[in-house]
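Read the figures in this text as sums done on the coordinates, not as results from a lab. Bear in mind that the values here come from a model prediction, so they are computed numbers and not experimental data. Cβ atoms come from the backbone with ideal geometry, glycine included; neighbour counts cover every protein chain shown.
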Amino acid sequence: MTELLRVRDLSKSFSLAGRRREVLQGIDLTVRRGLNLGLVGESGSGKTTLALCCLRLIEPDAGTVTFAGQDLSQLSAPAMRRLRRRMQMVFQGSLEALDPRLTLGQALAEPLRIHQIVGDAQMASRTADLLAEVGLAAGLRTRYPHEISGGQRQRLGIARALATEPRLLFLDEPVSALDVSVRAQILELLEGLGERRDLTMVFISHDLSTVAQVADHMAVMFEGRIVEEGSTRRICRGPSHPYTADLFAAIPKADPRHRPRRVRVPAAQLSITSGEPVSNGGGCPYLGRCVRAAALASHEVEICRFERPVLRPLNESREQPLEGERVACHHPMRSEAT
Amino acid sequence: MIAETTIPGPEDEWLLRVRQLSVGFDDDVEQAAVRRLDLDIRRGEVFALVGESGCGKSLTALTILGLLPPGARHLGGTVEHAELGSLLQLSQRQQRAFRGKHIAMVFQEPASALNPVLSIGFQIMEVLRLHRGLSRSEARRQAIDWLRRVAMPDPEERLRAYPHQLSGGQQQRAMLAMALASGPHLLLADEPTTALDVTVQAQVLDLLLDLRQELGLTILLITHDLGVVAQCSDRVGVMYAGALVEEAPVERLFESPAHPYTRGLLASLPRLGGDGPPQGIPGQVPDPGERPPGCVFAPRCSQVMPRCRVADPPWIELSAADGAAAPQDPAAQASHWDRHRSRCYLYEEAAPRRGRAAPREPGPLKDPGTLR
């Protein structure tokens, strides 16, 4: 399948309160046309920054982003703007992402006008089509964002992004703020769109269970790095990185008979959870929370302490390691699919 | 204390008893945001109130605390507390005295519930000095202790931190410390983990359950997440458009959900491992003022019958144990807390009549396709 987006060795750091913080560190990622990618990780892991770098809404410090064969860093600002028609983003927080002073119809017309997609004559019919495509009643056109529900606002955000007929759509936590019932509706809508249009999606979320519904592939991020990637099927069956396994374990199961007592994270380590990077020299950044390391003998954990694991193909030793299945762990968990 | 005809269980078991509570923004009870709500909360339990946004869950909690938002009015009904009496009849001053001290609340968005210009240490100490009359130094000592109990890293250091300097999980811990510092026995937790990452959510829920054990707390947990309900609660009330539509012990609810709304919520949950996509519930919760006559859920219900659009269905008891026995029977009283009931005509035929033996199962309409 053809490559739509390719990210190579992408890095970005911000200065926060006099401290330099590496938000993205050497990200390699490929999105293939027609295969939806899920970008998973806790808040602060760099998911949103990665998406913004791909759209060049933030300039990366190093590395390249190639979209449909074009190196984005070589493009002039006007050329980049034109290209963004094909690469859109639905931002987190549907209320904040919309101009409160514009009606739904006006908000939808904005991208159509800016990118000169249709003239004023066809504006009404095109906005009506878009509203219908995302399942919004035409009568809502004159409403303001605060007058509609969160689910409806999310639909509008999607319609706005679709207006320019993108090939690649980033969706930042598209359903996290919604009720479960509405969440299922939006996921259904997105699945339908992927089938109807030539559209590939990148879902950004901290919730593995929703990402698993819509993504063909997943990349799991921790503190600015990808620590595991592979097919959704394989990762759901048997995650290799202990962090991915922890993300699965954290999803509350809708079964009251099954209430596992989770492995307690000592209070001293909780700051790691908050997205605060903990300096661990050159070792594995996940070591402080790693349940697997706690179960290993100390000589086995030695390597985790001093050597940072890099992303390597799963079952490297085999003659044909699984393609696209990679993990950054010295002691990956055994996976059923391997 | 008001004389009650339906006394829920032995007198010493209930802590909070809500009867026919209506709260709304105009005088129309039918369209009120909270509509004739009945709720019994047992001492020491975690009672989960579930439903989509706009169902009146938060307003219920705020009413219990006597914190009606601007424009909202108490239209009728009572909130009885086993020790404090009728909460809504207390004076402002009496309400201030119990609020925080005996009944505390944690809110969904810790960032907007904490005061941004005061350190969290100050905010926790304020509670201790106000409600417990502690000296400054003693309040400080106990504030550190509370931060430690809610598993805040570096508690002494964090005492000086302002809310924006903490992560979402830490803010939620700080708010929990503040809510618990005055020693309440009832905690109203409004979506306490919704704004948090799943991993942090798991930690905060574990913490909540630990503290419940340790402090003997009773918790009213408000959430739309049935996963959280399954993991944390003892009994569940499903709320739709201002009223309860189903009530059951948690195992029972997940085993045989009765009301189509409850089943819709369960079918909306994502399934890992590919049992097909979640179903969702078409449409949305009607706003107060736009509710249809009859069963409010009828427009979204896949099993709607003509009569559903005419009259609001009554409570129908689904569990076998109660209903058949006289209210004075101690066994029946014990089972008050185990009862499973739903407001849906689908179960009318299966319902036990007074003085008759009741069927064990909720009825023939249990649809295995929606169960997981």
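Candidates are the residues of segment B:235-254 that are of a type in the set (Gly, Ala, Ser) and not in a strand (DSSP E or B); the one that is surrounded by the fewest Cβ atoms within 10 Å (Cβ to Cβ) is B:Ala241.
Screening A:Leu169, A:Leu190 for residues that are under 27 Å from A:Cys53 (Cα atoms), within 12 Å of chain B (Cβ to nearest Cβ) and not in a loop (DSSP other than H, G, I, E, B) leaves exactly one candidate, A:Leu190. Here are the criteria: (1) among the hydroxyl-bearing types (Ser, Thr, Tyr); (2) buried (at least 21 other Cβ atoms within 10 Å of the Cβ); (3) within 14 Å of chain B (Cβ to nearest Cβ). Tell me which single one A:Thr127 does not satisfy. Result: A:Thr127 passes all but (3).
Looking at segment B:146-234, the helices (runs of 4 or more DSSP H) lying wholly inside it that each contain 3 or more residues that are closer than 30 Å to B:Trp337 by Cβ and at the interface with another protein chain (Cβ under 9 Å from one of its Cβ atoms) sit at B:198-215, B:226-232.
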